[in-house]
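Following: one structure in structure tokens, then a few remarks.
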Amino acid sequence: MSTKPSARQSRTSSQDQTLAGSPYRALYDLVLGDEEARACKDISEEACQEQPRSFGVHVVALTLTKIGDGLADAKLTLAWLFASLGVPAAFVSWLVPVRESLSLLPQLLIASRIRLFAKRKLFWTFGSLVQGVCVAGIGIAGLFLNGTPAGWVMLGMLVLFSLARGVCSISIKDVMGKTIAKQRRGRLSGLSASAAGFATLIFGALLVLDLVPTADAAILSGLLIFAGGLWVSAALVYAGLEEYPGATEGGRNGFREAIASLNILARDPVFRHFIITRSLFISTALVAPFYVMLASQKTEGGLSTLGLLLLLAGLANLISSPFWGKFADASSKTVLVAAGILCGSLALVVTIVSLLDGPVAHHPAWYAGVIFVLYIGHAGVRLGRKTYLVDMANQENRAKLVAVSNTVIGVVLLATGGLSTLVAQSGALGAVMTFGAFSLVAALFAHRMQDVSG
């Protein structure tokens, strides 16, 4: 007596016949090789058949862009480039606010518009192309411009880059939801992040070991042009994704909803205190370019020093997240307090060392250690505030709290660009002292937060 194959068995067989021998399938089987991993409970039949290939496309495209992110880090690489070209500190002060706020606010403004299109992969493809052109454009500008003209052109490119990044952030969440089944997406993101992280570490090591010609200042511009090419390559890879039409109804204007929900700040004192605390913790990101400026001024300014900073920043990100994650499960509030004290104390120590102006203050390894500690602290801030918000919210109000939080922080980031410009007038060390003080105040506010982890 013959038994009719189940829908799941037929679907798996179809996948095997369609994608046999594909390198994407080999990657998929390596990461999710069991039969159950091929099940598709929340995506369409057509998307399920293409899932191994879709998984591979996402991994390759995201890995390429994440490597680009590591090489063109606004807090490190762009800050170093600005310092080497003699760009005024006022421009450096806008790197983080522009990079962060202009990739955040567009998501709230245009998400509902993108929802009107049944296929959305081209939004990510176009956004990645724009990002690649902008990063390469910054590199090209570095070859021909310096000082204030370089600052204006590069900051303009960063504005376009960040807006395009916001479009990509919206579209990829939607496309991934249609093409990759649940319980696969986290591993997909983790795999691409790990691969990109190791690639950035390797590149940093090559610079440190002088295996890349670091004496030529044009090498840094070449690095950014190469990074731009990674985004362009990712766009070409992603254009080959097989995407089936999705729902176009139900789109909501996140920015409008967030504005309409702002009264929650008046009604909920716990949430209001969290927003104030999170705003103060922006200082841990704003201070990074000024540490880089200090390193460029106090050392010989060679690219081997930048390589050391990239290497230690990558190591900090790799080792700190598991530690902070376990810590946050016990008390996300305490994580914020500890991270704030760490970043504030770091600024105090750097200030003392710089004022004493001993041999340590001129050694690249010192600044690599500073960046290492800063990135550990900043990782704690990011993980702590995300965990706190999730623990504080409930099923009914979580989406609203996230929308309001992102809107307020996006606006605060833009406002802090002006504050950073004023702070920058006192020089890199003055900015380090100011933002270090803000970090300590943030730790104090975090200490007064209600403990929600329990």
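The values are calculated or read from the model by the stated rules, or taken from the named source; none is laboratory data. None of these values were measured; they are calculated from a predicted model. Ideal geometry is used to build each Cβ from the backbone, glycine not excepted, and the neighbour counts take in all protein chains shown. The protein model used for the area step is the full one, side chains on, heavy atoms only, and it has no ligands, DNA or RNA in it. Shrake-Rupley method; radii C 1.70, N 1.55, O 1.52, S 1.80 Å.
Residue check: GLN297 meets all listed conditions (1) of a type in the set (S, T, N, Q); (2) under 26 Å from the mean Cα position of the chain (by Cα); (3) closer than 25 Å to ALA205 by Cβ but one, namely (2). If only residues of the range 390-433 that are closer than 16 Å to ALA288 by Cβ and free of Cβ contacts under 8 Å to residues at least 12 places away in the same chain are counted, the one that is surrounded by the fewest Cβ atoms within 10 Å (Cβ to Cβ) is GLY430.
Contact map, the range 260-288: first residue under 15 Å from HIS447 (Cα atoms) and touching a residue at least 24 places away in the same chain (Cβ under 8 Å), second residue among the hydroxyl-bearing types (Ser, Thr, Tyr) and open to solvent by less than 10 Å² (accessible area, probe 1.4 Å), Cβ cut-off under 8 Å, separation 6 or more or different chains; pairs are PHE274/TYR388; PHE274/SER405; ILE275/SER405; ARG278/SER405; LEU280/SER439; PHE281/SER439. Look at (1) among the basic types (Lys, Arg); (2) closer than 30 Å to PHE435 by Cβ; (3) modelled with pLDDT under 85 and you find that ARG278 fails only one, number (3). Of all residues in the range 220-234, those that are closer than 16 Å to GLY204 by Cβ have Cβ atoms under 6 Å from Cβ atoms of residues that are outside any helix (DSSP H, G or I), 6 or more apart or on another chain, in LEU224/ALA72; ALA227/ALA72.
With outside any loop (DSSP other than H, G, I, E, B) and over 27 Å from ALA196 (Cβ atoms) as the only criterion, which of PHE271, PHE323 stands out? On inspection, the qualifying residue turns out to be PHE271. Of all residues in the range 367-393, those that are among the aromatic types (Phe, Trp, Tyr) and under 16 Å from the mean Cα position of the chain (by Cα) total 1. Scan the range 49-80 for residues that are of a type in the set (S, T, N, Q) and over 27 Å from VAL92 (Cα atoms) and the total you get is 4. Surrounded by 14 or more Cβ atoms within 10 Å (Cβ to Cβ), in contact with a Phe, Trp or Tyr (Cβ under 6 Å, 6 or more places away or on another chain), assigned to a helix (DSSP H, G or I) and modelled with pLDDT of 75 or more: is that true of ILE225 in this structure? It is false that ILE225 is surrounded by 14 or more Cβ atoms within 10 Å (Cβ to Cβ), in contact with a Phe, Trp or Tyr (Cβ under 6 Å, 6 or more places away or on another chain), assigned to a helix (DSSP H, G or I) and modelled with pLDDT of 75 or more.
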